[in-house]
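Read the structure below first, then the notes.
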Amino acid sequence: MSTEYIHFTAEQKEAARQTDLVALLQSQGEHLKRSGKEYVWRDGSEKVTVRGNLWFHQYERIGGDAVDFVRRFYNMDFPQAVNFLLGNNGGALPQAEPVKREPPKPFTLPPKNDNMRRVYAYLLNRRGIDREVLSAFVHMGMIYESADYHNAVFVGYDEHGIARHAHKRGTGSESTYKGNAESCDPRYSFHWTGTDNALYLFEAPIDMLSFISLHKENWRSHSYAAARCAGDQVLFQMLKANSNIDTVCLCMGNDAEVRRRTNAERSNLDANISRRIVIYRSCFSSTVKLSFPSKITHPIGNLYMKQ
């Protein structure tokens with residue numbers, strides 16, 4: 001229910017919109033992590049980047065200013081949000097410096113190291129990835145070690161074999177770093193295109209590699225993709241580029257994430273009716289071997305997508 005009418009001047013509305021979101025979130029006891037020029041805040045398991053008075057939801061691919069943020073994440077209507085940001089939340093919040101909108105840089109892959117010792121040690125020994133599986137991706141130029149920080153780089157290519165996406169994962173014993181290279185195209189995040197009708201969708205490249213390592217039989221015939229903050233875009237691109245795919249399995253380790261993601265995929269696919277897509281939810285575990293594929297998937301219904 002909306003609140004009663006409150007008159008705000010144009011200056012007040014603009015002041016509210018310019019509220020520094022980092023200060024706002026810190027005042028609410030929220031945890032933020034610095035990432036270059038931006039900060040990262042988590043909406044549940046999903047990443048929201050914040051800079052000055054602007055925010056962007058990396059999964060849903062939407063964003064806005066401080067008023068939009070409060071309306072979206074604090075469930076307020078416009079008058080409530082403006083009133084809150086102008087100081088009626090217990091104290092006035094600082095204004096953000098105007099964010100200079102810089103033109104996007106062209107996408108480039110991180111420079112390659114002359115060997116892959118650290119990446120092999122990390123993926124084989126610490127993450128338990130099968131050597132044969134890892135070698136297949138390395139041979140295709142889809143995984144390598146960066147020269148600067150010795151990150152594992154997971155490369156996504158378009159249908160013409162051009163690199164469009166690079167996800168980086170720290171390999172140090174204490175490293176928790178995860179991030180994408182600048183100007184990645186989320187439609188082409190790390191993926192493998194097979195020949196049969198099945199697509200398995202994961203959150204992260206290592207989840208995808210772990211799953212394949214546990215279920216190696218005929219693995220090359222299936223298609224796999226790691227969403228990694230790419231929202232639905234990689235799913236839709238895989239379906240668009242591969243008309244043979246009619247079965248999608250959502251392989252998420254968190255039950256709540258499976259339910260949320262399942263509902264999101266179903267809603268989006270339902271809006272594009274023409275092609276029948278069967279959606280499954282998976283009891284995926286990267287550490288427990290499961291029978292493949294019948295005992296790890298649970299059908300949730302038939303959906304349709306425009307050709």
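The values are calculated or read from the model by the stated rules, or taken from the named source; none is laboratory data. Note that the structure is predicted; figures quoted are calculated from it, not measured. Heads up, the Cβs are rebuilt from the backbone with ideal geometry, glycines too, and the neighbour counts pull from every protein chain shown.
Observations, loosely collected:
Each row is one residue, and each column tells you yes or no for (1) of a type in the set (D, E, K, R); (2) closer than 18 Å to L93 by Cβ; (3) without any contact (Cβ under 8 Å) to a residue 24 or more places away in the chain.
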{"site": "F8", "(1), (2), (3)": "no, yes, no"}
{"site": "E11", "(1), (2), (3)": "yes, yes, yes"}
{"site": "T19", "(1), (2), (3)": "no, yes, no"}
{"site": "L24", "(1), (2), (3)": "no, yes, no"}
{"site": "L32", "(1), (2), (3)": "no, yes, yes"}
{"site": "G36", "(1), (2), (3)": "no, no, yes"}
{"site": "V40", "(1), (2), (3)": "no, no, yes"}
{"site": "G44", "(1), (2), (3)": "no, no, no"}
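- Condition met for L201 (assigned to a helix (DSSP H, G or I), on the phi < 0 side of the Ramachandran plot and of a type in the set (A, V, I, L, M)): no
- Selected residue [modelled with pLDDT of 75 or more, of a type in the set (S, T, N, Q) and outside any strand (DSSP E or B)] from N244, N268, N263: N244
- When region 198-219 is filtered for residues that are out of contact with any Cys (no Cβ under 9 Å at 6 or more places or on another chain) and under 21 Å from A152 (Cβ atoms), the ones remaining, listed by number, are A204, P205, I206, L209, S210, I212, S213, L214, K216, W219.
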